[in-house]
Structures are given as C-alpha cells and as structure tokens.
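To start, the structure under review is shown below, and the notes come after it.
Nothing in this text is a laboratory measurement; each read-out follows from the coordinates by a stated rule. On a predicted model such as this, the values are computed, not experimentally measured, just so you know. Here Cβ is always computed from backbone atoms with ideal geometry, including for glycine, and neighbour counts include all displayed protein chains.
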Amino acid sequence: MFIENLVAFERLKAGGNLSDMALIFSSGFRGTAGRLRRANGCSAYYSRASSPTAVVAFEGMLFSAVDIPAYFWGDLDYAGMAILASLRTIFPSVQAWKPGYEPMLARLKAGDGHSPGESGKERQRAIEATGCTYADEELLPALRATGAFLDQE
C-alpha cells in the first residue's frame, strides 16, 4: 500500500494490523514515477519488518512488469486523487484504500474539512476521474459537493 504522508505511514507501520501488506511511503507525486519499478531507480521507503523471504518476494513483484494488487491512501483532496490516477499508470490495479478513506469521507461530509485556501491548496485543480471506481463514484463527488479537503494527519 502506498501512503502519501509520513505520519500516517509511521502510525500504520507501528500499530496497524496489516501483516499481509507491504507499506510504502510515497511522498506526493514521487511514488508515481516509472523508475519506482526499477531497482536502480527506486528510492522508495518501505517497512522491512517482515521476514527476509517476504522482502525478497515483495521486491521481486515491485521491480517486475507484473501488475500487482495495490492500494493508495493519501489526503482527501484533488492532489491526492491526481496521485492515485498517476500511480495507476505504473500499477494499473491500484485502488483507493477504503479503510483509510471511509472515515475521512465521513468527516468531510460532516463538515470537518477545510477550504483549499486554509491549507495552501488553493492551486489544486479538480480532476475528472482517477480510474478507481471507489474514488470516482464516492471521493471525487464528495470533494466537488463540499468544496472542502481533508488531510490524512
């Protein structure tokens, strides 16, 4: 799973019950670069808390052309959705991570979001679609309807 924010990455790494997932910290658009799929071009920071065998297997999948099941969790804003869309160009099956986004979506709909200007995000532009059904049918419409964003932290 690709996680946009370091604080969220560290929290999940320390206390999440995600033993079947590899966690990759992918700050902003850095995780969307095609070089992520090449061992000599990758500078991804990921948890190596698993067994050495699991790490070798993970790197084998990461550095191959095989599409692997993956998730993305970032800020609930247009930049986060653009990162998801970009990530899908190198990992076509990437989906927005529902367990992370569902509570954020509930908070956004409850009015707990912030205006783009309150957080220096006024230059973000709406995107039409990410290619992920959940993001396109739930997250993007909520961003449009509320006119607000919600950060991971």
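Can you give the helix-only mean residue ellipticity at 222 nm for the chain, where every DSSP H stretch with n ≥ 4 adds -39500 (n - 2.57) and the sum goes over all residues, rounded to the nearest 500 deg cm²/dmol?
Details: 5 runs with 53 residues, N = 153.
Roughly -10500 deg cm²/dmol at 222 nm, from the helical runs in the chain.
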What percentage of all Cα-Cα pairs in the chain are separated by more than 28 Å? 19 percent
Between the modelled labels at Ser51 and Ile68 (7 Å from Cα along Cα→Cβ) the distance in nm is 1.7 nm
Sorted by chain and then number, the residues having a modelled amide H within less than 5 Å of the amide H of Gln95, at least 5 places away or on another chain, are Ala70, Tyr71, Phe72
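Taking 0.36 nm per residue of sequence separation and subtracting the Cα-Cα distance, how much length would be gained by fully extending the chain between Glu128 and Arg38, in nm to one decimal? Kindly include the intermediate steps, with their values, before the conclusion.
On the way: separation 90, 0.36 × 90 = 32.40 nm, distance 2.98 nm.
Difference between extended and current length: 29.4 nm.
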Filtered hits (lysines, Cα-Cα < 23 Å from Lys121, offset >= 8 within chain) -> Lys109
Remind me, relative contact order of the chain in percent, using alpha carbon pairs under 8 angstrom and six or more residues apart? 25 percent
Roughly how many Å is it from the Cα centre of segment 88-147 to that of segment 69-85, as a whole number? 7 Å
On the formula 1/(1 + (r/R0)^6), with r taken between the Cβ atoms of Ala145 and Ala14 and R0 of 41 Å, the FRET efficiency rounded to 0.05 is 0.75
